[in-house]
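Peer 1: Before anything else, here's the structure in question.
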Amino acid sequence: MSLKTKIACVIMAVTMIFAATGCSSSAVDTKTIGTYKNEEIPVGIYLYGMTTAIENASMSVENKDADILDSVIEDDVKGREWISNQSQNFIYNFIAVEDMYNELGYTLPTIAKEHVADTLEQQKSYYAEIFENMKKNGISEKSYQLILENSQKLDDMFIKYYSEGGVAPISEDEFKAQYAVNYRRAVLLPISFKDRGGKPLEGEDKENVSKLADEYFERLKNGESFDMIASEYMAFVNEKELTDEDREEIKNSENKVKSSLVDVRNRNLPTDFKEAIDGVNEGEFFMVQDENNIIIAKKANLFENEEDFNNMKTTLIAELKTDEFNKILDKKTDEVKDSFTFNDASLKRYNVDDFYKRVKK
């Protein structure tokens, strides 16, 4: 899921800044950034947002020797103001997710809490020095944990909002219609134009593979077993031949080649795959190719595997509702802006210029 309001919680995003920091621990004297609905918000959350904004600003400036604070970052806005705006937006977004999640009565699932705990412990183990420098800059472990949990709440809320029993549940017909936009089912036999070492085939070798694919295609259309043809091809790749015993075993095996769910947007597919599969009926074979491979396929019923369909619903929600949910969160964020009261002492202590100097030491 990709939401523009999603809180970025990957510690590597700020690795370069914190890795070289060496300021004193006096930066933690002011512990809150402000108040929302009588709840005090830890200053560490704001400072994490500011650190991320500084890193993003640094990456956006082409001249790495330029003064970032006086450089134009975006829409004619200079770094100092841009970083300040981004830092405040980080707080607004954080609170909006928390407030909306609580209003809806949602509870973070145990598996999500465990994921946060595991992530925290792994990162502390691999990036111990960075965590120590985060603390020196006023970002406590607890603040970072709250940020990780906030990200999990956003994901959880988005799915629950549109799932069965949610605020605006997507109907089964909507799910099916969206599923049919980008997905198909087929039994697939990819035949590569590369050798076992990954080297592209040329000349007669490539021509022989093409002839073999044509032969397989005709045999399949004439009713031969897909399992047998697929096994023959694997034997060909491994420079072997199927024995009569092999063939008998394949014929009697219950382990058959099954249909697969195919995303027609997959760039590894030949560009005409979607057109080809949409041009045949269920049960019919088709063949497409590009410079890398030939794909022989048998079209199957998209909905023949209910488990695949249900497993895709989270992805389908994202495809259907991301823009809509962004607008809902934007509205909540505007409400937060109108009701949030900044701690002036914290804003003064952690102004962009001073904080930028500290983290860039």
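Where a number appears in this text, it was derived from the coordinates with a stated rule and is not lab data. Nothing here was measured: the structure is a model prediction, and the numbers come from that model. For neighbour counting, all protein chains shown are included, and Cβ atoms are generated from backbone atoms with ideal geometry for every residue, glycine included.
Peer 1: In debye to the nearest 20, how big a dipole does the range 183-305 give about its Cα centre with +1 on each Lys and Arg Cβ and -1 on each Asp and Glu Cβ?
Peer 2: It comes to approximately 620 debye.
Peer 1: Pick out which of Tyr126, Tyr92, Tyr101 has the largest mean-square fluctuation in a Gaussian network model of the chain, springs linking Cα atoms closer than 10 Å.
Peer 2: Checking each option, the largest mean-square fluctuation is seen for Tyr126.
Peer 1: For Lys357, give me every one of the lysines with a C-alpha distance below 23 angstrom, ignoring sequence neighbours fewer than eight places off in its own chain.
Peer 2: Cα-Cα hits under 23 Å: Lys31, Lys64, Lys78, Lys135, Lys136, Lys348.
Peer 1: Taking the alpha-carbon distance from Lys298 and a cut-off under 29 Å, which lysines remain once sequence neighbours fewer than 8 residues away in the same chain are dropped?
Peer 2: Hits, sequence-local ones excluded: Lys176, Lys194, Lys199, Lys206, Lys211, Lys221, Lys240, Lys251, Lys256, Lys258, Lys274, Lys313.
Peer 1: Given Cα pairs under 8 Å that are at least 6 residues apart, what percent is the relative contact order of the chain?
Peer 2: Rounded, it is 28 percent for the chain.
Peer 1: Right, next: Quick one: Karplus J couplings for the range 32-47, per residue in order, coefficients 6.51, -1.76, 1.60, θ = phi - 60°, nearest Hz, x for Gly and Pro?
Peer 2: 10, 9, x, 10, 9, 6, 6, 9, 7, 9, x, 5, x, 5, 5, 5
Peer 1: While we're looking at this one, here's another question. The range 159-201 to the range 227-270: how many Å between their Cα centroids?
Peer 2: 22 Å
Peer 1: Give me the distance between the Cα centres of the range 325-350 and the range 87-134, rounded to whole Å.
Peer 2: Cα centroid to Cα centroid, the span is 18 Å.
Peer 1: Which percent of the Cα-Cα distances in the range 183-305 go past 16 Å?
Peer 2: 64 percent
Peer 1: I want to verify a result. In a Gaussian network model of the chain, Cα cutoff 10 Å, which of these has the top mean-square fluctuation: Lys135, Lys348, Lys113?
Peer 2: For the chain, modelled as a Gaussian network with Cα springs under 10 Å, the answer is Lys348.
Peer 1: May I pose another question? Of all the Cα-Cα pairs you can form in the chain, what percent are over 31 Å apart?
Peer 2: Summing the P(r) of the chain above 31 Å gives 55 percent of all pairs.
Peer 1: Counting only helical runs of four or more DSSP H residues, what would the 222 nm mean residue ellipticity of the chain come to if each run contributes -39,500 (n - 2.57) and the total is spread over all its residues?
Peer 2: It comes out at -17500 deg cm²/dmol, rounded to the nearest 500.
Peer 1: Among Phe90, Phe158, Phe193, which one shows the biggest mean-square fluctuation in a GNM of the chain, springs joining Cα atoms closer than 10 Å?
Peer 2: Checking each option, the largest mean-square fluctuation is seen for Phe193.
Peer 1: Could you work out the mean projected area of the convex hull around the alpha carbons of the range 234-310, in square nanometres to one decimal?
Peer 2: Answer in nm², one decimal: 7.0.
Peer 1: Then there is this: Using DSSP loop states and a limit of at most 16 other Cβ atoms within 10 Å to flag GluC sites (Glu not before Pro), what is the longest stretch of the chain containing no flagged site?
Peer 2: 63-163
Peer 1: Can you list the residues, at least 5 places off or on another chain, whose amide H is less than 5 Å from the amide H of Ser140, using H built in the peptide plane?
Peer 2: Residues meeting the amide H criterion: Gly44.
Peer 1: Please compute the contact order of the range 183-305 in relative form: average sequence separation of alpha-carbon pairs under 8 Å and at least six residues apart, divided by the residue count, as a percent.
Peer 2: With pairs under 8 Å counted, the relative contact order is 45 percent.
Peer 1: In the neighborhood of Asn281, defined by Cβ-to-Cβ distances under 14 Å, what is the net charge if each Lys or Arg adds +1 and each Asp or Glu adds -1?
Peer 2: Result for the local shell: +2.
Peer 1: Still on this model: Which far-off residues, 5 or more places away or on another chain, put their amide H under 5 Å from the one on Ile191, with H placed in the peptide plane?
Peer 2: Excluding prolines and chain starts, which carry no amide H, the hits are Ile294, Ile295, Ile296.
Peer 1: So what are the ³J(HN,Hα) numbers for the range 189-198, from phi and the Karplus equation (6.51, -1.76, 1.60; θ = phi - 60°), rounded to whole Hz, Gly and Pro as x?
Peer 2: Whole-Hz 3J(HN,Hα) from phi for the range 189-198: 10, x, 10, 8, 8, 10, 7, 4, x, x.
Peer 1: By how many degrees, 0 to 90 and rounded to 10, does the Cα axis of helix 203-221 deviate from the longest principal axis of the chain?
Peer 2: Once rounded, the angle reads 80 degrees.
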